[in-house]
Amino acid sequence: MKFSYTILYVKDVTQAIAFYERAFGLKQRFIDESKQYAEMDTGGTALAFATNEFANSNLPQGFQENSLSKLPAGIEIGFVTEDVAAAFAQAVTAGAVAVVAPTVKPWGQTVGYIRDLDGILIELGSPI
């Protein structure tokens with residue numbers, strides 16, 4: 001078994017791509033012609049986006065949509081960076097919502113939390 005990708009369900013795939021490019025410097029790797037699915041170039045594992053409508057077509061019993069008006073889902077995505085404070089500030093400038101400012105954890109790692117435009121929880125952390 002090999003972990004291959006994570007798909008984030010969002011309202012607008014093109015808006016999500018633009019945000020992740022501005023906030024984290026990622027580059028779009030692929031977008032389908034319907035603009036309901038896209039992938040970002042992150043190295044080994046793909047970070048992908050699909051519209052809520054696309055998700056509903058695959059999940060006939062529905063799912064909990066991500067939203068800034070609700071508490072974040074019980075999952076986060078994480079990015080590692082040498083300068084957490086600068087990455088945190090860049091993401092907030094790009095439109096992210098600050099959740100927890102960067103703090104040094106007891107094990108020595110600096111970690112901060114933000115939410116993206118769809119309310120998805122993102123951890124920014126220094127290398128361990």
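The values are calculated or read from the model by the stated rules, or taken from the named source; none is laboratory data. Computed from a prediction, not measured in an experiment: that's the story for all the values here. Using ideal geometry, Cβ is built from the backbone for each residue, glycine included, and neighbour counts are taken over all protein chains shown. Remember, those area values only see protein heavy atoms, side chains included, never the ligands or the DNA or RNA. Shrake-Rupley method; radii C 1.70, N 1.55, O 1.52, S 1.80 Å.
Applying a threshold of 6 Å to beta carbon distances and a minimum spacing of six or more residues, or different chains, the list of pairs starting in segment 8-33 at a residue that is over 19 Å from GLY119 (Cα atoms) and open to solvent by less than 80 Å² (accessible area, probe 1.4 Å) and ending at one that is in a helix (DSSP H, G or I) and among the basic types (Lys, Arg) is empty.
Examine segment 56-65 for a residue that is under 14 Å from the mean Cα position of the chain (by Cα), within 19 Å of THR6 (Cβ to Cβ) and of a type outside the set (Asp, Glu), and state whether such a residue exists. Within segment 56-65, none of the residues are under 14 Å from the mean Cα position of the chain (by Cα), within 19 Å of THR6 (Cβ to Cβ) and of a type outside the set (Asp, Glu). When segment 114-128 is limited to residues that are within 12 Å of the chain's Cα centre (by Cα) and assigned to a strand (DSSP E or B), the one that is surrounded by the most Cβ atoms within 10 Å (Cβ to Cβ) turns out to be LEU124. If you check VAL111, VAL84, VAL100, VAL104 for being without any contact (Cβ under 8 Å) to a residue 40 or more places away in the chain, surrounded by 14 or more Cβ atoms within 10 Å (Cβ to Cβ) and of a type outside the set (S, T, N, Q), only one passes: VAL111. Name the single residue, out of those in segment 55-81 being free of Cβ contacts under 8 Å to residues at least 40 places away in the same chain and not polar (S, T, N, Q), that is farthest from PHE19 (Cα to Cα). Result: PRO60. When we screen ILE114, ILE128, ILE120 for residues that are within 29 Å of LYS2 (Cα to Cα), of a type in the set (A, V, I, L, M, F, W, C) and at pLDDT below 95, the only hit is ILE128.
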